[in-house]
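Everything on this sheet refers to the single structure shown next.
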Amino acid sequence: MKGLFQRERFLDFIGNFIVFETAHEEITKKIAMQQQYEAANKIIHRVLRETTDRGLIWHTQGSGKTLTMLYTAWKLKRQPELQNPTIIVIVDRLELQRQFRETFFNVELPYTTWATSSRDLLRKIGRGSREVIITTIQKFRKVDRPLDYRENIIILIDEAHRTQY
């Protein structure tokens, strides 16, 4: 309680880590768990303040990876120094893409879309889209060159260990 009610942390929590999901005509309030709050803020810190361009957050099954990425994307989009970044959320299965898409749309994360095909993904990235794009890793299969050189493209990958090769 003492940690949560520090002024800056409390305002951060209220502004970035509470969402309302509308599904099946019901509204559910979703509040970040501590590990989601800490993980999202570590990602934000790394993107804004560190020189390294990659990192790893380890979650156990069922610990809320989808919501961690949602909170991260939500807060990244609100960082003025990132100048409205493009966020690409990459998963390795269509089932996960559906899950992410439903969650992100049900909480009405602004400017969220998904790539319907490889061609659609390349078009979205090629035109400098500033959206949150949900896609599968397989749609990058035919990419053989850099698609965009902007500094404010952030990639969040779920189950990255399955697609390292």
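Values computed for the structure shown
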| read-out | value |
| --- | --- |
| Failed condition for Glu81, given (1) assigned to a loop (DSSP other than H, G, I, E, B); (2) open to solvent by 80 Å² or more (accessible area, probe 1.4 Å) | (1) |
| Single residue of region 113-149 satisfying the filter (among the aromatic types (Phe, Trp, Tyr) and modelled with pLDDT under 90) that is farthest from Gln61 (Cα to Cα) | Tyr149 |
| Counted residues, region 92-107 - those being closer than 22 Å to Phe17 by Cβ and of a type in the set (D, E, K, R) | 2 |
| Qualifying residue in region 98-107 (condition: part of a loop (DSSP other than H, G, I, E, B) and open to solvent by 20 Å² or more (accessible area, probe 1.4 Å)) | no |
| One residue from Arg46, Arg9 being in a helix (DSSP H, G or I), surrounded by 11 or more Cβ atoms within 10 Å (Cβ to Cβ), charged (D, E, K, R) and in contact with a Ser or Thr (Cβ under 9 Å, 6 or more places away or on another chain) | Arg46 |
| Test: Glu38 is charged (D, E, K, R), loosely packed, with under 10 Cβ neighbours inside 10 Å and part of a helix (DSSP H, G or I) | no |
| Top-ranked residue of region 108-124 - restricted to ones that are among the hydrophobic types (A, V, I, L, M, F, W, C) and assigned to a helix (DSSP H, G or I), ranked as nearest to Ile134 (Cα to Cα) | Leu121 |
| Some residue of region 128-141 being out of contact with any helix residue (DSSP H, G or I) (no Cβ under 9 Å at 6 or more places or on another chain) and free of Cβ contacts under 8 Å to residues at least 60 places away in the same chain | yes |
| Every residue from region 12-35 that is under 15 Å from Leu67 (Cβ atoms) and assigned to a helix (DSSP H, G or I) | Phe13, Asn16, Gln34, Gln35 |
| Answer residue from region 150-159, given it is surrounded by fewer than 16 Cβ atoms within 10 Å (Cβ to Cβ) and either at pLDDT 85 or above or of a type in the set (A, V, I, L, M) (or both) and is nearest to Gly55 (Cα to Cα) among those | Ile155 |
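The values are calculated or read from the model by the stated rules, or taken from the named source; none is laboratory data. Source: prediction; values computed, not measured. Glycine also receives a Cβ, built like all others from the backbone with ideal geometry; neighbour counts cover every protein chain displayed. Accessible surface areas use protein heavy atoms only, side chains included; no ligands, DNA or RNA. Shrake-Rupley method; radii C 1.70, N 1.55, O 1.52, S 1.80 Å.
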